[in-house]
1. Using a simple spin-label model with points 7 Å from Cα along the Cα→Cβ vector, what separation in nm is obtained for D177 and D245?
2. Could you state the number of Å between the C-alpha centres of segment 168-205 and segment 74-140?
3. Could you work out Rg/(2.2 N^0.38 Å) for segment 158-209, with Rg from alpha carbons only?
4. If you take the C-alpha gyration tensor of segment 97-170, multiply each eigenvalue by 5 and take the square root, what semi-axes do you get, largest first, in whole Å?
5. Run the numbers for E187 and A223: contour at 0.36 nm per residue of separation, minus the present Cα-Cα distance, in nm.
6. If contacts are Cα pairs under 8 angstrom and at least 6 residues apart, what is the relative contact order of segment 26-295 in percent?
7. In whole Å and largest first, what semi-axes does the C-alpha gyration tensor of segment 48-103 yield when each eigenvalue is scaled by 5 and square-rooted?
8. Please report, in whole Å³, the volume per residue of the convex hull around the C-alpha atoms of segment 26-164.
Amino acid sequence: MARSPFSSDALAFQTGAPYERSWSWEWDGSTVSVETGKAVAADGVAIAYQSAGSGPPLVLLAGQANNHRWWDGARGDFEAAGYRTITLDWRGVGDSDQPDEPYFTRGFAADVIAVLDELGIAEAHVYGTSMGGRVAQWVAADFPERVGALVLGCTSPGGPHAIERDKAVRRTLAQADRAAAERFLLELMYTPQWLSTHQGPYYVLGDPEMPGYARARHLAASAKHDAWEMLPMITAPTLVVHGSDDVFNPAANAPLIAERIPGARTLLVGGARHAYFDEFRQVAGAAVLEFLAECS
């Protein structure tokens, strides 16, 4: 049986440092320090978080089976613009606990709130991409008083209303030639032009240290997501962003979501694929910052 591209051996070509408990990096000539810690969710699971910068808090939520490094390429732009960025490792990945039990996008949303509680943050802007966008839908629907502005990127409402990826895409990802499937996954994230000049490491393809059982739990959580009935209850100002050429999570999902959320706006990033927030960060990041400024 062909294995999912999210199985533990599908990401062998991804390289990079494992999760670090504390660190700093250079951004535009400045050293940025990152505060790390753990919050305890209602069920006792420890959720690792990372916070950098100062200013209004902005929660950045990663995709399925990924840790906080999903945002490495873009978070510095938000910090430079005067925001305090907060990321986390989903349960099952990175430095968070990894219980072998069912995970749910709605449960992940409660984990986000546990992190905000630990940091003493009453309200934050929330920007979720891919599965993180699914989780962000629940954060805004279940905890409206905690969300200032909402950005939903390259995501889907889930359930029977969502536009699924094409069968040909699914077949190629599931092909027996794992090296070819891995390369195809990378090409679903980035354009050939980007890949020709950026040799990695890539942090949007899944955490290679993640246990196989937890990876399967993440896949199931994302697949079972369905917030269709809850979307009209979201009251936060909302921007829906998608790459126009995203076939991993088809761009047709963007207007579906925006039409369900009162007053939501839509931004399609021309020529972008699934990882628009990284490759097209100058365009997408500027638009998100403009939106957040309007909502502050």
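1. Between D177 and D245, the simple spin-label model gives 2.2 nm.
2. If we compute the Cα centre of each part, the gap is 26 Å.
3. That works out to 1.33 for segment 158-209.
4. Semi-axes (√(5λ), whole Å): 25, 16, 10.
5. 10.8 nm
6. After rounding, I find 20 percent.
7. 24, 10, 8
8. 110
Computed from the coordinates by the stated procedures, all read-outs in this text should not be read as laboratory data. Keep in mind the model is a prediction, meaning the values are calculated, not measured. When we count neighbours, we look across all protein chains shown, and the Cβ atoms used for this are built from the backbone with ideal geometry, even at glycine.
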